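A short worksheet on the structure shown next.
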Ligand SMILES: C[S@@+](CC[C@H](N)C(=O)[O-])C[C@H]1O[C@@H](n2cnc3c(N)ncnc32)[C@H](O)[C@@H]1O
């Protein structure tokens, strides 16, 4: 697939994220009205790996409504969020204003981030939880990240495990509780087209652009893209917990997140790399 074709599919995704945003803003899933603690979106191991954030320049790529960006700012970071959806950036700015936190938001495609941030460099780049699957080319992404970090700066990716994506969506009504491998784990077979008329939150149908394109990326692809861009991978954690119950038989853990009683499989991973 050519880079022009990638650009076309990313434009479709951009329109879809603009259309999803009002549904997400009003959803119980994000709970923006309830003034919930944004740290609920973070696993304890993320804070351990991220280390001290106070006074650090932290960039959150693909920040959506900025819920996680706010948590980073509350930990004392000078936080910047970047997303290509204008509707998301507007909602994120509103949310930051309501919380009284000083966060800068920039509207741009990740692939244009170096220019959009005018060469500014960061101590930490944070991204994930449904971000990499919208990027067609991880080698280009890793080069962008390397260009955004100060020497010795850290990238933290917390992403849904490709095994979770391979298991596919929640079983349809009437289907058994078995976990079935429905999709590729490894990338390379081109984009997966999804009908996003109903998004992953509660709420009504999305109005407008409902086509969404995703690319699968195995863990090896992520690691190799980063090392090829000159970064060193320092830690890779695999976790069996998710922030919400993806399958009905998931149980709540002491952390407030959810896991399958069995089998124990990785659903999320955290990867720390240094530039
Ligand atoms: C599922 S959200 C991830 C953010 C956060 N973890 C969350 O759950 O709210 C995905 C975000 O990626 C953004 N996005 C997708 N592709 C992008 C791209 N190429 N450049 C910038 N943002 C992109 C979308 O607009 C959306 O806000």
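Structure values in brief
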| item | result |
| --- | --- |
| Selection count where residues are more than 14 Å from residue 45 (Cβ to Cβ) and within 18 Å of the chain's Cα centre (by Cα), scope the range 233-257 | 3 |
| Residue 31 without any contact (Cβ under 8 Å) to a residue 24 or more places away in the chain, closer than 23 Å to residue 257 by Cβ and under 19 Å from the mean Cα position of the chain (by Cα) | yes |
| Given (1) part of a strand (DSSP E or B); (2) under 23 Å from residue 5 (Cβ atoms), number of the condition residue 271 does not satisfy | (2) |
| Every residue from the range 244-264 that is surrounded by fewer than 16 Cβ atoms within 10 Å (Cβ to Cβ) and within 23 Å of residue 127 (Cβ to Cβ) | 244, 255, 256 |
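Just so you know, all these numbers are worked out from the coordinates, no wet-lab data involved. This structure is a prediction, so every number in the text was calculated from the model and none was measured. Cβ sites come from the backbone with ideal geometry, for glycine too, and all protein chains shown count toward neighbours.
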